[in-house]
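Notes follow once the structure below has been shown.
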Amino acid sequence: MAALTGRLASWDGRQPDLRAWSDAELLDGLRQLGIATDRQRFTALVAAKSQTDQEEDWLHESGTPDENLQVFIWLAVRDLWQRWQLPYWPMDRLGRMLAYLIDAEFAAEYADQLHAPTALEVVDAIEKWLDGEGNPRPAMDGLVEQLGMPPQAWPGKLLDAMAEWSEVGNLTLATRGGALLARVLEHGHAQIFLATALVSARMLDRAIASALQVPLEADLRHGFDELCGHLCLAGGDPVLADFWLTRAQTQDGTRASERTYAAETVFNALSAWRAAGRDETTPVPDPLKAASRQAAAQSAYYAWMAFAGEGAGPGGAAV
């Protein structure tokens, strides 16, 4: 092979970064490795292929035994797909990017070292893909199965990622994650999933504000209804708290003996409030707000376990 020229001559596969390369420089590097393409040809090539198939085809076409240059070819496929913003992502790339989205450590390393899409771009791509799918839950489950991940694991992992995004102040991304959960699971609500992540991130005031935005018609299940009630009472709204905690008792059937001391304090206080005639103007005492905050933290943990366990909530109902 002739001596390499241009930017390819200084390519270092151990520190791969194509972000600073122009289109012309990237295409020149591929040409030197025996791969002739442009935007039109590349778009036509990958229309019916997975990203992996295109990588393998170009590696075979080049035939270079140099592992450093093989890394360049491998990354060039992904980079061109990204920089030219093709109107679709192949399934294997979408699966990889889902892993990137929900694994915070991988995401940070990936974004720092490589030309990776932003997390919001990944969410956009997943939502666009779901637009073309009939039933979102089987579609998402099938996507994560490509990764060797049990289908029931991804909701809990996404909640975990949302908590980490909240901790670093990326509430826009955490909110989008909550909306994605609600859309795919077809129950719950974006704001209560966000509130759960915020509780985990020790941002209780923000969690309370999110819970107060959950509409009464939201289909909350598996402890998220109880969590919403505790947060609403911590926010000083006994009416909403009574609504959600009454629903939680009806749906989940928890007994007093199964509640924590803080939760039992809340339930007893609301029972007394109802018995006294439900005076909506009476302020919630600060000690009761404190108990509600503690009960919310405990309730968030139990609700989270329904996601992170075997994919089933109380009574074996699927999450």
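A few points about this structure:
- Considering segment 175-199, the residues that are surrounded by fewer than 20 Cβ atoms within 10 Å (Cβ to Cβ) and either in contact (Cβ under 8 Å) with a residue 60 or more places away in the chain or in contact with an Asp or Glu (Cβ under 6 Å, 6 or more places away or on another chain) (or both) include one that is nearest to residue 135 (Cα to Cα), namely 185.
- Search result, residues across segment 166-214 that are under 22 Å from residue 292 (Cα atoms) and outside any helix (DSSP H, G or I): 188, 189, 201, 202, 203, 212, 213, 214
- Residue, farthest from the chain's Cα centre (by Cα), within segment 98-128, restricted to residues that are over 22 Å from residue 307 (Cβ atoms) and modelled with pLDDT of 85 or more: 128
- Scanning segment 22-81 for residues that are of a type in the set (Lys, Arg) and either free of Cβ contacts under 8 Å to residues at least 12 places away in the same chain or part of a helix (DSSP H, G or I) (or both) yields 31, 39, 41, 78.
Residue by residue, here is whether (1) over 16 Å from the mean Cα position of the chain (by Cα); (2) over 23 Å from residue 233 (Cβ atoms) holds:
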position	(1), (2)
149	no, yes
154	no, yes
162	no, yes
166	no, no
176	no, yes
201	no, no
207	yes, no
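- Residue list for segment 235-288, restricted to those being among the acidic types (Asp, Glu) and either part of a helix (DSSP H, G or I) or touching a Lys or Arg at 6+ places or on another chain (Cβ under 6 Å) (or both): 242, 252, 258, 264, 286
- Being under 21 Å from residue 301 (Cα atoms) and among the hydrophobic types (A, V, I, L, M, F, W, C) holds for only one residue in 241, 275, and it is 241.
The values are calculated or read from the model by the stated rules, or taken from the named source; none is laboratory data. Treat the numbers as computed from the prediction; the structure is a model and nothing was measured. Virtual Cβ from ideal backbone geometry, glycine too; neighbours counted across all protein chains shown.
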